[in-house]
Amino acid sequence: MDRDSSDEDDDHQTLIHQNDTKNLPHRIPISPRASTSPRSSFHMEELESQIRQRVKLTFNKRYLFVIILPLLIIPIYFSTDIRSLFSSNISSLKFNTVADRIEESQLQALYLLNQQQSSLLSLWNHTFVYSNNNITAVQFDDIKASLLNQITLNKHIQQILLSPHKTGNTLQNATVLDPNFAGYSFDRCRKVDQKFSERRTIEWKPKPNKFLFAICLSGQMSNHLICLEKHMFFAAILNRALVIPSLRFDFQYNRVLDIEHINDCIGKKAVIPFEDFMEIKKNHAHVDRFICYFSSPQPCYMDEEHLKKLKSLGISMGKLGNAWKNEDIKKPSQKTVKDVEENFSSDDDVIAIGDIFFADVERDWVLQPGGPISHKCKTLIEPSKLILLTAERFIQTFLGSNFVALHFRRHGFLKFCNAKKPSCFYPIPQAADCITRMVERSNSPVIYLSTDAAESETGLLQSMVVLNGKTIPLVKRPPRNSAEKWDALLYRHGLQDDPQVEAMLDKTICAMASVFIGAPGSTFTEDILRLRKDWRTASLCDEYLCQGEEPNFIAGEE
């Protein structure tokens, strides 16, 4: 302000002196004498010199103003939001300054740190659950994999924070792993190595006209399939062909199983349908020995109604006999191949063995992948070709290669589970949490739901299976729609609306899943696990629902 004021005063004084100089001849009369006097001459020269200095000073200040003006514009330019002044003309331009990049990277890092906090909290909760139980190898792998993911995420956050200070594009999706962890990763849900080369097997060599008549009575189709598999083992030990029961006495197996597949795998006529057996026996077969594996709670687990059904089929038989005096289905004792040979061997043409679903014979041998019998296939008992192809078409239509299968049994399961210690019936919110953790572990986008639950339960379950704010779809087989062709084969061959065919279709789809979550205590689940072992689709992540946890609420007893 002082400097500006003094400049204005100097300019004002200059203008006054200039006017005075112009009017001087009119205001002061100068005589010729006065004009020639030394004092007058000195005065004129001094006056002219002052005028020249002031003119020069005025010129210099104007020149200086021209120099200073750009210097004044520069700070104004940088202190003014030029983008707002000219937004209508240069709105498409973006000023990506270092400060902008730093702010952007900080926001990204904060978001990822929040995700990391949630993941670490989840890991903490899981380890707390594991600490109360014996931790499995799969669970230990999960912990290691989760920790590795957090180390990787931390490295990614570091890269984001450092990226504004580097040249080139920011690393928004890069995953940079510390060199100390190079090559150290986990496929947590990889397939299980079943070690088929180490199987212990027995050759099935049926003797001519020696038959074993299979009797399976307990439970539903899944129980009967397990019973039938054990009968095949007994038939192989006893060198007999196995007779598949009639649909008038048991389920219609030829609608769900590939009977000829079994014979092709064995390379011999080891299994024959009931109708072929009766044709060999001229429709009048006699069971020479009917041997009961279990004597309690009743011999052979057989009642009068089933005995009448057998007789109505043209089968006659003698008196029921027990292999052992006291063998209870509630407490079966472990038996060996030698025990079977000693108690069931016979020279009779036809023998029948009562229900052996609960039999505990060479458990490790029977439960090994591929079963105990030598054959050239993956498994002997598998779905029919029509069901197998229909399952593949359904998966291609609705699921894709990466999906979790869930057997969610509810009907009649509450009382059954609560009789166990601990119970296996979980409230929907707890079940949803367990399922969500599995989906996160397997990184699968969809779940196939095999269930007998009511819509009220599945609807609530669907609303609660949410991962990272995204609902994971629960897919069930839809009602018949002529516009959809995935199930056309079943309708073309008259297999539609058959409960056993639908159940086997569900099993087949579940057996092909990336990861399977089963219902503890369910033979439906056990048959799926058998198929998964035999087909080599079993995953390290396969488990029972909420495995290792107890229900957080249990109802009282009646």
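Quick note: the coordinates plus some simple rules give every number you see, no bench work behind them. Not measured: the values here are computed from a predicted model. Note that each Cβ is placed from the backbone with ideal geometry, even for glycine, and that neighbours are counted across all protein chains shown.
Annotations for the structure displayed:
- Charge tally around Ile351: other residues with Cβ under 11 Å, Lys/Arg +1 each, Asp/Glu -1 each, net -1.
- The H on the amide N of Ser246, modeled in the peptide plane, is under 5 Å from the matching H of no residue at least 5 residues off or on a different chain.
- Full-extension gain in nm, Gln150 to Leu389, via 0.36 nm per residue minus C-alpha separation: 81.9 nm
- With a simple spin-label model that places each label point 7 Å from the Cα along the Cα-to-Cβ direction, the separation between Asn114 and Asp288 comes to 7.9 nm.
- Computed Rg/Rh of region 188-261, alpha carbon atoms with Kirkwood Rh: 1.06
- Cα gyration tensor shape of region 211-367, rounded if a/c is under 1.5, else prolate or oblate by comparing a/b with b/c: rounded
- Modelled spin-label separation between Arg248 and Glu260, with each label point placed 7 Å from Cα along the Cα-to-Cβ direction: 2.5 nm.
- Dipole size of region 211-367 about its Cα centre, with +1 on Lys/Arg Cβ and -1 on Asp/Glu Cβ: approximately 300 debye, rounded to the nearest 20.
- Environment charge at Pro422 (Cβ cut-off 11 Å; Lys +1, Arg +1, Asp -1, Glu -1): 0
- Mean silhouette area of region 343-484, derived from the convex hull of its C-alpha atoms and averaged over all directions, reads 14.2 nm².
- The label-point distance for Trp365 and Gln298, in a model that sets each label 7 Å from Cα toward Cβ, rounds to 3.2 nm.
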